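Q: First, the structure itself, so that you have it in front of you.
The values are calculated or read from the model by the stated rules, or taken from the named source; none is laboratory data. Given the structure is predicted, the values throughout are model-derived calculations rather than measurements. For neighbour counting, all protein chains shown are included, and Cβ atoms are generated from backbone atoms with ideal geometry for every residue, glycine included.
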Amino acid sequence: MKITSLIAGILLLQLLVWLFVLRWIKKKNVSLIKKMSSQCRTANHRVVIEPTSALFRGSDAKFGNIKGNGIICLTEDSLFFEKLTGQKIKLKRAEITNAAVEEWFKGKPSFATGGKHLVIKTTDGNRIGFLVRDTDMWVNKIKSL
């Protein structure tokens, strides 16, 4: 009986910790979406794709390989991404040479989006990977700018 109570206590503690973490992530997401929307309006950027949740999957150079949740937004002159933990990526349209959908990025598949990574290639040869909803739409919008 004591083992069962101990296990139940540990599981309850885990549940409470995860609820706290998930609540923080949701609040941070909402906060970043509002902040990014406000920044785009203030700077008079024409928004092509509204700020939305995304997952940074790493890059070949410059931005590192530490994956993380964040918010991504596309304007007619830039692509913005900000991780929940603070790292920011801003790519001017002139820096983007290609956008593609790839099933694998940096040797890893993605089951979360049906194997579709949004991969941005820049003028310096860097490739930056994201997981977004509707990857094909992102590629089409980026290429149409």
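Q: Can you find, within the range 68-114, the residue that is nearest to R41 (Cα to Cα) among those that are at pLDDT below 85 and small (G, A, S)?
A: G86
Q: Let me ask something else. Applying the selection to the range 101-117, what residues are farther than 10 Å from G129 by Cβ and either out of contact with any Ser or Thr (no Cβ under 7 Å at 6 or more places or on another chain) or surrounded by fewer than 11 Cβ atoms within 10 Å (Cβ to Cβ) (or both)?
A: Matches in the range 101-117: E103, G107, P109, F111, A112, G114, G115.
Q: Name the residue, out of N44, N140, that is assigned to a helix (DSSP H, G or I), without any contact (Cβ under 8 Å) to a residue 12 or more places away in the chain, of a type outside the set (G, A, S) and over 28 Å from V21 (Cα atoms).
A: The conditions single out N140.
Q: Okay, moving on. Would a scan of the range 59-79 turn up a residue that is among the small types (G, A, S), touching a residue at least 40 places away in the same chain (Cβ under 8 Å), assigned to a strand (DSSP E or B) and buried (at least 19 other Cβ atoms within 10 Å of the Cβ)?
A: Checking the range 59-79: at least one residue is among the small types (G, A, S), touching a residue at least 40 places away in the same chain (Cβ under 8 Å), assigned to a strand (DSSP E or B) and buried (at least 19 other Cβ atoms within 10 Å of the Cβ).
Q: Right, another one. Confirm whether K28 is touching a residue at least 40 places away in the same chain (Cβ under 8 Å), in a loop (DSSP other than H, G, I, E, B) and over 22 Å from K116 (Cα atoms).
A: So K28 fails the test.
Q: Restricting attention to the range 39-54, does a residue exist that is at pLDDT below 90 and touching a Cys at 6+ places or on another chain (Cβ under 8 Å)?
A: Checked against the condition, which is being at pLDDT below 90 and touching a Cys at 6+ places or on another chain (Cβ under 8 Å), the range 39-54 yields at least one hit.
Q: Here is a follow-up. Here is a check on your reading of the model: is Q39 of a type outside the set (V, I, T), surrounded by fewer than 16 Cβ atoms within 10 Å (Cβ to Cβ), over 13 Å from the mean Cα position of the chain (by Cα) and under 26 Å from W24 (Cβ atoms)?
A: Considered against the rule, which asks whether it is of a type outside the set (V, I, T), surrounded by fewer than 16 Cβ atoms within 10 Å (Cβ to Cβ), over 13 Å from the mean Cα position of the chain (by Cα) and under 26 Å from W24 (Cβ atoms), Q39 comes out as yes.
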